[in-house]
Amino acid sequence: MTPPKMQTWISNSYPKLEVFIPFLGKYHRPVSGRCCQTCTPRSWDGFYPKDLAALGFRDVSRVTETDTRFRGWLVRRICAFLAAWEWKIPAETPGELLERICSSRRVQDDPGSGGDEGSRRRWKEEICQILREIQTPLSPLLLRLCHWLLPKLLTRLFLGVQLHRGQLEMVLQAARTPEVPLVFLCSHQSQVDGLLLSFVLLSQGIGVPRVTVDARTSPRLRSLLQHLGGIFLPSGMAQTWSDWDEGLPGAVLDAYIQEVLRSRQPLVLFLEEPSASLRLADPARHWLLRVLRALRDGAVPDVLIVPVGIAYDVAPGRAEQDGAPPRPLGIGTCLRAAFQALRRPQGCAQVDFSQPFSLREFVDNHLIWPFLTGNRPGQLLLPTILGRGPPDVGNVGTLSPSLGTEEEILVTALGLHALSDSSTCSAITAVGITAALLLHRHREVVLLPRLMRDFSELLEQLLLRGRAVGFSGQLRALVGHSLRQLQPPLAPHPPGPPRAVLGPPKASARVWLGRLAGGVRHCLAGEAVGACAIRALLLEVLPVLGPPSSLTRIVLSRDELLRKILELLQLLPPTLLGLQPCQPPDCRSLDILDKLILGGLLEEEEAEGERWGCDVAPRPFVRGHSWGSFTDDSDSDSEHRVPKQCYKLSEPQSFPGFLLFLCRLLSPILQTYGRAVEFLERGPWPQSEADYVEALLEFLAEDEDGYPDRSLALSSLQSFKDMGVLEELQTPTGPLLQLSQPFQSASNREKLGAFIHQFIQL
């Protein structure tokens, strides 16, 4: 195969970076982002060109004469203006929108729709006010002006904004489906995401999207964003999902989303908040509920869902936001953030579209429902943690039944699934790989040549797993570019020499590095869970047998390894690991074990008497059998009994220390969970959830080796609630958190801490 032509980024102040395609002379850049075969098997074969990987990339921030209908010397100088003038922008909102909303079934069911003429007039005025809070008519002139200036800003912020032509063709094919609208479900890395994605969709001919915006904005900024296509939740609706009384605002929002989908305007929903990533935000649940209701009410025959991932070397404004609660946005705040971003070294950005899938197929597919109606994780973990013996967990699900009605459970399933898909399709950056190495592999001083060698080895591991990466080029240039992006928290000392020395990251930089390394963690999450399970097993057997001369002499029982993997999977939420929530835990455990074998970390071995054995529970595990078979004490040694399988430890020769690196990938998460257990001893109880999170973050910041990350703190809180460690107490002022009865005992809290610490590799 003839290798494609190499593309380049050139900067006057930085070395030349060769970007995307091919890698190390052996690989072509993988393109990830297929839809789920379990939930949407029919969509798997749709909108996916066979030659997708060979179509290459384009830099959407560079508008050229090819984006216009004209050619020539003058066109090349004003091509951005001509392109913005030619883009198709729909007319203003039709005048009958208000009448359509007032005549919709959900709005008509409101008690205020009846009565005399005066009450109906006041009812209609209230609807007008709610609609003005949601949206205003688009301003074509303002849209063209903004999208003419936006490429100039992007070229100053980034070396390039890359978009895969094959992924774009996939979305364009989906957009041509008759009477079926597109809904883009996007991860949220920065406040720039909305403008960037709106520009990409408009400039590539997909249309002017309606983009959901956080309600914490100033009135002037809100008005400006509404004229550019931003939509907001009405003020009459609660921003939280747990306590909401929608009334007329909810009915108007239902009707408005139905009209947007009928008109086939693209809709962009952000699934998370930048300050609390990898968690489905409450406003996103409200928007997803409207889309599902529009489908179920027959407003549209189907909806095509397109998960979107946006990858930055360093997200603009993200470093300043890490660890801080969400702050209201204003025009002045945005300008200050833009000036701060312009002072940083130019990084790279990439927008990735995942394969579109049918929402109707997702809803109608009954394969997902058994996984949504299982038992809570606490039914598996609490007996193990408290020493009451393993229970029968054959019906363990991935979502808690306390999530509410079937409609609410489906909203959560769709949101978590799309959040997992968007993180999977998002490319891994060179900065992310460097951050992962500095945080999890090199705890002490490291020479630059050693860092470059490890960068190459880790890159090869990622490519072998088919994960998309957003770079290519000379190794020294890539590592040097990454280190410049990580300044000022990290810098070579002394700077410049060929064999520069890098010191360990400071405590203030660890949270930032952990966020940047999130893509690497998601790609290797399965193997990382398996590595932590291996560590827990070794922690049990080595004090009894003593240290062997080599770890390869230890034989691990398959049953015990699967049990440890399952326990860790039930402790951590799937989205935190980048795993699909629709997969049942037993299948996920088997997949992790297969990955460990394929990755060369385990080798199948028959247990021999002279070898060290780690076989606490030598019972069979068969795909499809209940996990309760682990506790079956029947003495049936028939010919149908599955032979016991064992494995011995191994390690890829191309990446020495890979098993230890995998263990450390989950250290920020598990250390946060362990410190959260220690925090339970502090009062007062009960307390509100917001007070608990802020106090926990302060407690985490007291530890020099801690990770005061808001996302991890919120994840630990949710896990403790699901496990039954914390429970909600309903009071007149709102729900309060309190310790459940079993964990009011100090001994049980110690057992919970010991359970978590067995998986932690410092």
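The values are calculated or read from the model by the stated rules, or taken from the named source; none is laboratory data. All values derive from a computational prediction rather than experimental measurement. Please note: Cβ atoms are built from the backbone with ideal geometry, for glycine as well, and neighbour counts cover all protein chains shown.
Points worth noting:
- Restricting attention to region 528-538, the residues being closer than 22 Å to residue 277 by Cα and touching a Lys or Arg at 6+ places or on another chain (Cβ under 8 Å) number 1.
- Residue 676 being surrounded by 15 or more Cβ atoms within 10 Å (Cβ to Cβ) and under 19 Å from the mean Cα position of the chain (by Cα): no
- So residue 142, is it surrounded by fewer than 21 Cβ atoms within 10 Å (Cβ to Cβ), touching a residue at least 24 places away in the same chain (Cβ under 8 Å) and outside any helix (DSSP H, G or I): no
- Considered as a group, the residues in region 110-129 that are loosely packed, with under 14 Cβ neighbours inside 10 Å and not in a helix (DSSP H, G or I) include one that is modelled with the highest pLDDT, and that residue is 116.
- Candidates 194, 160, filtered to the one that is assigned by TED's automatic domain parsing to the domain that holds residue 299, buried (at least 21 other Cβ atoms within 10 Å of the Cβ) and part of a helix (DSSP H, G or I): 194
- In region 257-278, the residues that are at positive phi reach residues that are hydroxyl-bearing (Ser, Thr, Tyr) and part of a helix (DSSP H, G or I) with C-beta atoms within less than 9 angstrom, at least six apart or across chains, in these pairs: 278/423; 278/575; 278/711; 278/715.
- Test: residue in region 598-610 that is surrounded by 15 or more Cβ atoms within 10 Å (Cβ to Cβ), in a helix (DSSP H, G or I) and at pLDDT 55 or above: no
- Listed conditions (1) in a loop (DSSP other than H, G, I, E, B); (2) touching a helix residue (DSSP H, G or I) at 6+ places or on another chain (Cβ under 6 Å) are all met by residue 443, apart from (2).
- The criterion of at least 3 residues that are modelled with pLDDT under 80 is met, among helices (runs of 4 or more DSSP H) falling completely within region 314-412, by 318-321, 331-343, 369-372, 378-385.
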